[in-house]
1. I'd like the residue in region 340-358 that is open to solvent by 50 Å² or more (accessible area, probe 1.4 Å) and part of a helix (DSSP H, G or I) and, out of all such residues, is modelled with the lowest pLDDT.
2. Got at least one residue in region 256-266 being open to solvent by 20 Å² or more (accessible area, probe 1.4 Å) and among the β-branched types (V, I, T)?
3. Could we say that L205 is within 14 Å of T272 (Cβ to Cβ), of a type in the set (A, V, I, L, M) and out of contact with any Lys or Arg (no Cβ under 7 Å at 6 or more places or on another chain) here?
4. Sort through K210, K215, K200 and tell me the only one that's among the basic types (K, R) and over 25 Å from T88 (Cβ atoms).
5. Looking only at residues in region 171-229 that are part of a loop (DSSP other than H, G, I, E, B) and at pLDDT below 90, which one is farthest from F269 (Cα to Cα)?
6. Residues that are among the β-branched types (V, I, T), at least 3 per element: which helices (runs of 4 or more DSSP H) completely within region 36-105 meet that?
7. Kindly list the number of the only condition in (1) more than 23 Å from S343 (Cβ to Cβ); (2) polar (S, T, N, Q); (3) touching a helix residue (DSSP H, G or I) at 6+ places or on another chain (Cβ under 9 Å) that fails for S231.
8. Among what's in region 67-88 and is crowded, with 16+ Cβ neighbours inside 10 Å and touching a Phe, Trp or Tyr at 6+ places or on another chain (Cβ under 9 Å), pick the residue that is nearest to K200 (Cα to Cα).
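The values are calculated or read from the model by the stated rules, or taken from the named source; none is laboratory data. Because the structure is predicted, anything quoted here is derived from the model rather than measured. Heads up, the Cβs are rebuilt from the backbone with ideal geometry, glycines too, and the neighbour counts pull from every protein chain shown. In case anyone asks, the SASA skips ligands and DNA or RNA and just uses the protein heavy atoms, side chains included. Shrake-Rupley method; radii C 1.70, N 1.55, O 1.52, S 1.80 Å.
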Amino acid sequence: MRGFRFSDYKPGDTPKGGFDELLKLFSELLNYTAGDAAEALSWLNELDKQYKLTNNDYGIGNFIDDLKEKGYLTEDNQTGEFKITAKTEQTIRKSALEEIFGKLKKAGRGNHNSNQSGIGEEKNADRREYNFGDSLDQIDMTASIHNAQINHGIGNFTLTERDLEVEEKDFKTLTSTVLMIDISHSMILYGEDRITPAKKVAMALAELIKTRYPKDTLDIVVFGNDAWPISVKDLPYLQVGPYHTNTYAGLELAADLLRRRKTHNKQIFMITDGKPTCLKENGKYYKNSMGLDRKVINKTLNMAAQCKRLKIPITTFMIAKDPYLQQFVRQFTQINGGRAFYSSLTGLGEYIFEDYIKNRKRTVR
């Protein structure tokens, strides 16, 4: 039997500047440039100057040519403007999924288990006697024959109804999720980029659902002064604006989208870093950024209660640690009956993925 053969590691043998390595870096830079290909390439060029990412055989110019040839990049012949393609958008989503999903210590099997056993889709460890009405595919024939041998002996084999043993199965539930992303100005204040991690989580979650939970649905809502839905295709280009935080409008739109879904399990994930500061009344904006405005807060809490009546739990991912904000989130969560996580930016993706994959709170009726 052949064993392992070891040799000395030589750093100089590691290839540098290949297409795949540069593509990963280019995809990451696109997250920070809101999908601006020209700016991302400019940053890549500066990084190459500083860290010598390429070599004499393969430079940034070769990389750009390959991006166009492989369908990742298009160039306007008249203006020379670069734009990323749908293939690049999918690459960014896959990269985000690998980054976040790879950090999870333990992942699910690609379904949402309920806490109800019976005639489901996936076997579990539970066993019971056969009851009238059980389907034939639930009967564990090996265990049933074993029971017959014990109960009646081997010499005169007899299999009765009482010998039959049934395997219980778990239901897989369909889940409709709305992911709300705060795009108010505070998401880039104080020298901290909060919108990029939020975008990456959204892209990764969209890719996860598309590849592993194709029957589930994901809607994405962004909210600032107003709220509006965006498509997965729009995510790489998402930017914050000079907006206040109209949480009420975001929740109202999310609840409306979920009303149209025919699934049993419905939920809202909300990523935000601040307090509600804005409402829209009679076509005009009511704004107050000074502390917690009673009018804005009360209306937002009323919407949380309405979501509870609609059986839509809200999971809030608060990426700010101000004590008075946490107090508001606790009150909001208590009224809705949902959950809240006070997450750092680095742990945001893992929190959301674990909560999504391990969602066993709801039962299929």
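1. That would be E354.
2. yes
3. Considered against the rule, which asks whether it is within 14 Å of T272 (Cβ to Cβ), of a type in the set (A, V, I, L, M) and out of contact with any Lys or Arg (no Cβ under 7 Å at 6 or more places or on another chain), L205 comes out as no.
4. That would be K215, the only listed residue that is among the basic types (K, R) and over 25 Å from T88 (Cβ atoms).
5. Checked region 171-229; the qualifying residue farthest from F269 (Cα to Cα) is E192.
6. Those helices (runs of 4 or more DSSP H) span 86-101.
7. Here S231 meets the rest and fails (3).
8. Applying the filter and picking the extreme gives T88.
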